[in-house]
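Below: one structure, written as structure tokens.
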Amino acid sequence: MKDDCQKHRDQWLHAPAWSEHEVVCADCAAWTRVRVQHVAALSALTRPEVPEELALRVQAELAGDRGRRLERALTSLTRPGAPAELEERVVELFGQRASEGDATRGEQHAPALGALDVHAAPPVLERLLNEELAAAADYRVKRFSSSLERLSAPDALEQRLQLGVRRRALARLVLAPLATLAAATLVVWLLVRRGAEHEYPFLVVRATAADRLDPLVRPLAEILGGVPPGEAR
Amino acid sequence: MPAEDPPGMNTDPDAELVLACQRTSATSLEGDYRRLYDRYKDRVYNVCFRITGNPSDALDASQETFGILFRRMREFRFESRFSSWVYRIAVNASIDVRRRARRRLTSLEALQEVRDSQGKYDPADHMVEMPSAAASRRELEAEIQRAISRLSPKLRTIIVLRYVENLSYEEVSEALRISLGTVKSRLARAHEALDRELTPVLDKHYLG
């Protein structure tokens with residue numbers, strides 16, 4: 001919009017008055033005519049008659065009657081609208097698809113919703129309630145612990161377990177044979193060491209005649225020497 | 001040394017009456033409170049009626065306005081004109097009542113109430129218009145009110161204060177506690193909205 005046109009319009013709204021700009025600009029002239037009509041229509045609106053009841057109400061309020069104010073305050077509480085999801089659930093509940101128009105859907109839902117009876121509470125409810133009130137803490141624990149979310153194990157746990165299994169396998173493959181080898185070496189060493197420190201557990205005797213041998217070993221010597229038994233060499 | 005009066009007090013035409021009210025408590029609609037009520041009842045009710053769009057809500061909003069006004073009279077410090085303060089309370093009360101009432105009243109009932117409330121006349125008054133002309137004017141006013149009611153609360157308020165109550169830019173700015181620039185821009189937007197809502201109505205009425 002041109003500056004002159006904007007200026008004319010701003011000035012007119014602030015203080016309505018004829019300006020020469022309307023002569024040169026047909027758009028602004030038309031704009032002004034429409035605004036003049038608006039202003040004339042609005043300014044000519046009849047002032048409504050103040051009802052006499054207003055004075056009585058103001059008088060009552062000044063005298064301490066807060067009833068209407070309380071009523072207005074209570075009725076001003078906003079009512080949350082039903083979420084769109086509610087209709088979907090109702091439709092599912094009665095096994096119908098929401099494909100028809102609003103009027104048809106309304107006709108179908110009304111009897112279905114009307115069929116929902118208001119049920120009286122079963123007698124067992126009172127007994128359960130009394131039990132809960134008698135041991136409120138226990139019931140609170142049961143109620144809320146059962147609703148605790150079951151958490152799934154994190155991935156890190158599986159990785160740690162696999163690492164542990166691998167470590168144990170490594171130990172079995174490498175360390176066990178090493179331990180066995182070490183034990184065997186120790187045994188051999190012990191045996192060799194004992195052999196070096198102690199005398200042989202047998203006595204070497206050079207005998208020139210069989211009758212000089214111990215009678216217990218004489219037959220063994222005769223056999224090993226190839227001498228017929230009873231004959232000395 | 002006595003404290004200086006606030007600067008607004010000397011130029012406010014309601015200052016004397018307001019100060020008189022502030023010296024007493026409002027327990028009944030008598031004396032200075034009655035005078036103040038009589039001075040402002042037409043303006044308050046007119047604003048409330050034009051913003052809410054129907055007499056019932058206008059009555060509630062007007063009662064709310066005077067209730068707040070009289071209860072909080074002593075809090076007024078002449079930082080603005082008293083009339084600006086009254087208009088501000090009336091506008092807020094009206095918007096509030098209309099918001100609450102939207103759930104209660106259907107649009108059809110609202111239109112019927114507007115129609116019923118228009119231009120009562122005394123048949124004995126020989127200056128009254130011919131019934132057909134009066135009915136036509138009542139219908140036009142109802143249409144104008146419907147057009148106003150279709151505006152958003154902010155634009156509706158600007159239109160009512162500026163053209164129905166004939167407040168200047170400065171007075172509107174003071175009443176609504178908005179800048180002059182905001183008054184100007186809202187008024188321009190209000191006129192654009194009225195182009196859509198009101199121009200067809202006026203064309204139909206004037207052209208037949």
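All but one of (1) part of a loop (DSSP other than H, G, I, E, B); (2) modelled with pLDDT under 90 hold for A:Val50, so report the exception by its number.
(2)
Output the residues belonging to region A:50-63 that are facing another protein chain (nearest Cβ under 7 Å) and exposed (fewer than 13 other Cβ atoms within 10 Å of the Cβ).
A:Glu53, A:Ala63
Failed condition for B:Lys154, given (1) surrounded by fewer than 17 Cβ atoms within 10 Å (Cβ to Cβ); (2) within 10 Å of chain A (Cβ to nearest Cβ); (3) within 15 Å of the chain's Cα centre (by Cα), with all others met?
Just one mismatch for B:Lys154, condition (2).
Any residue in region B:84-104 that is at the interface with chain A (Cβ under 9 Å from one of its Cβ atoms) and charged (D, E, K, R) sitting within a Cβ distance under 9 Å of a residue that is crowded, with 21+ Cβ neighbours inside 10 Å and assigned to a helix (DSSP H, G or I)? List the pairs, counting only those 6 or more apart or interchain.
B:Asp96/B:Ala61; B:Asp96/B:Glu64; B:Arg100/B:Asp57; B:Arg100/B:Asp60
Does region B:162-170 include one or more residues that are of a type in the set (Asp, Glu), at pLDDT 85 or above and either under 25 Å from B:Glu79 (Cβ atoms) or in contact with a helix residue (DSSP H, G or I) (Cβ under 9 Å, 6 or more places away or on another chain) (or both)?
Scanning region B:162-170 turns up at least one residue that is of a type in the set (Asp, Glu), at pLDDT 85 or above and either under 25 Å from B:Glu79 (Cβ atoms) or in contact with a helix residue (DSSP H, G or I) (Cβ under 9 Å, 6 or more places away or on another chain) (or both).
Counting residues that are away from chain A (no Cβ under 11 Å) and touching a Phe, Trp or Tyr at 6+ places or on another chain (Cβ under 9 Å), which helices (runs of 4 or more DSSP H) fully inside region B:162-208 reach at least 1?
By residue number, B:169-176.
Condition check: within 11 Å of chain A (Cβ to nearest Cβ) and in a loop (DSSP other than H, G, I, E, B). Does B:Thr65 satisfy that?
Details: within 11 Å of chain A (Cβ to nearest Cβ): yes; in a loop (DSSP other than H, G, I, E, B): no.
No: the conditions fail for B:Thr65.
Filter region A:105-156 down to residues that are surrounded by 10 or more Cβ atoms within 10 Å (Cβ to Cβ), more than 36 Å from the chain's Cα centre (by Cα) and either at pLDDT 80 or above or acidic (Asp, Glu) (or both), then give me how many there are.
So the count comes out to 1.
Hey, among the residues in region B:6-32 that are β-branched (Val, Ile, Thr) and part of a helix (DSSP H, G or I), which one's farthest from A:Val58 (Cα to Cα)?
Step one: of region B:6-32, the residues β-branched (Val, Ile, Thr) are B:11, B:18, B:24, B:27.
Right, trim to part of a helix (DSSP H, G or I) and you get B:11, B:18.
Numbers: B:Thr11: 28, B:Val18: 17 Å.
Among those that are β-branched (Val, Ile, Thr) and part of a helix (DSSP H, G or I), it is B:Thr11.
Please count how many residues of region B:34-59 are within 9 Å of chain A (Cβ to nearest Cβ), touching a helix residue (DSSP H, G or I) at 6+ places or on another chain (Cβ under 7 Å) and within 14 Å of A:Arg57 (Cα to Cα).
Looking only at that region, the number is 5.
Given the options B:Ser62, B:Ser83, B:Ser28, B:Ser94, name the one that is surrounded by fewer than 18 Cβ atoms within 10 Å (Cβ to Cβ), of a type in the set (Gly, Ala, Ser) and in contact with a helix residue (DSSP H, G or I) (Cβ under 8 Å, 6 or more places away or on another chain).
Values: B:Ser62 fails: surrounded by fewer than 18 Cβ atoms within 10 Å (Cβ to Cβ); B:Ser83 fails: surrounded by fewer than 18 Cβ atoms within 10 Å (Cβ to Cβ); B:Ser94 fails: surrounded by fewer than 18 Cβ atoms within 10 Å (Cβ to Cβ).
Matching residue, one of B:Ser62, B:Ser83, B:Ser28, B:Ser94: B:Ser28.
The values are calculated or read from the model by the stated rules, or taken from the named source; none is laboratory data. It should be emphasised that the depicted structure is a prediction, and the values quoted were computed from it without experimental measurement. Neighbour counts run over all protein chains shown; Cβ positions are idealised from the backbone, glycine included.
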